[in-house]
1. Would you mind checking which residues have amide H under 5 Å from I177's amide H? H placed 1.01 Å from N; only 5 or more apart, or other chain.
2. Mind scanning K145/K193; K37/K139; K141/K180; K74/K145; K74/K193 and naming the pairs with a C-alpha gap bigger than 29 Å?
3. For semi-axes √(5λ) of the Cα gyration tensor in Å, which listed value, (i) 36, 19, 15; (ii) 33, 26, 15; (iii) 26, 20, 19, comes from the coordinates shown?
4. Using r as the Cβ-Cβ distance of L230 and T151, and R0 as 25 Å, what FRET efficiency do you calculate, to the nearest 0.05?
5. For Y108 and K180, FRET efficiency with R0 = 30 Å and r from the beta-carbon atoms, rounded to 0.05?
6. Apply the a/c threshold of 1.5 to the C-alpha gyration tensor of segment 148-235 and tell me whether it is rounded, prolate or oblate.
7. Given R₀ = 22 Å, what would the calculated FRET efficiency be for L203 paired with T40, taking r from the Cβ atoms and rounding to 0.05?
Amino acid sequence: MESVEIKNNNTRHSNSFLVIVALFITSLITANIISVKLITVFGMILPAGIIVFPISYIIGDVLTEVYGYAQTRKVIWVGFFCNLILVLALWIGQVLPPAPFWEGQVAYERILGYAPRLLGASFLAYLVGEFLNAYVLAKMKIATKGRWLWTRTIGSTLVGQGLDSLVFITLAFVGTIPLKTLALAIVTQWIAKSAYEAAATPLTYISINFLKRREGLDVYDIDTSFNPLLIRKDR
């Protein structure tokens, strides 16, 4: 019997888009795992996640600038649920009884265990920060008529990272540390993350321009609904 090869040419997402989504989710999950360690950078005490977490904002800028807010909205929710799966898997691994000869239970709980308060603060800060970042960039693109890309990438980051730091640190630590220390921690993280993305502006330019040419896309969200819950709609 002669075999028949069936090809589907109705692919909605390009390989480039899938790679970008994979990088976004990887940077997000990696940041959440390594943030348990505190590091010192130029005299500032920061979570180790600062190494990679701002990359998710840079990729968010690329997604919104090239593919538009509607596609970015889907990616943000995919990242949220992937992170939720990770947390649930780590929790299940923690509560399952360890093998009698295994001596790493305490270390596992200390490094990979998540306090409910910190977890809730992290999830909410992620959604607030990422959606505001995408919203501000999309609106600024319309206002500037696609000019001055650097103002959009940096401006959206200042808003998104600022709210991310404010929500997370406030919800996670208010009532446990002095208000002066709390405010200092918020400002420190905000400045560090924003400076990180500002320094990466040349790379962001190269990535966006390359993808616009490769994909033949340059979306303006003029008629887009910015409701973050409309994940089934393209507009």
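Values quoted throughout were computed directly from the atomic coordinates according to the rules given, and no laboratory measurement underlies them. Worth saying up front: this structure is predicted, and the values here are computed from it rather than measured. Here the Cβ is made from the backbone with ideal geometry for all residues, glycine too, and neighbour counts use every protein chain on show.
1. none
2. Values: K145/K193 27 Å; K37/K139 36 Å; K141/K180 37 Å; K74/K145 24 Å; K74/K193 24 Å.
Distance filter (> 29 Å) returns K37/K139; K141/K180.
3. (ii)
4. 0.40
5. Efficiency, rounded to the nearest 0.05: 0.30.
6. oblate
7. Details: r = 25 Å, r/R0 = 1.15.
For R0 = 22 Å, the calculated efficiency reads 0.30.
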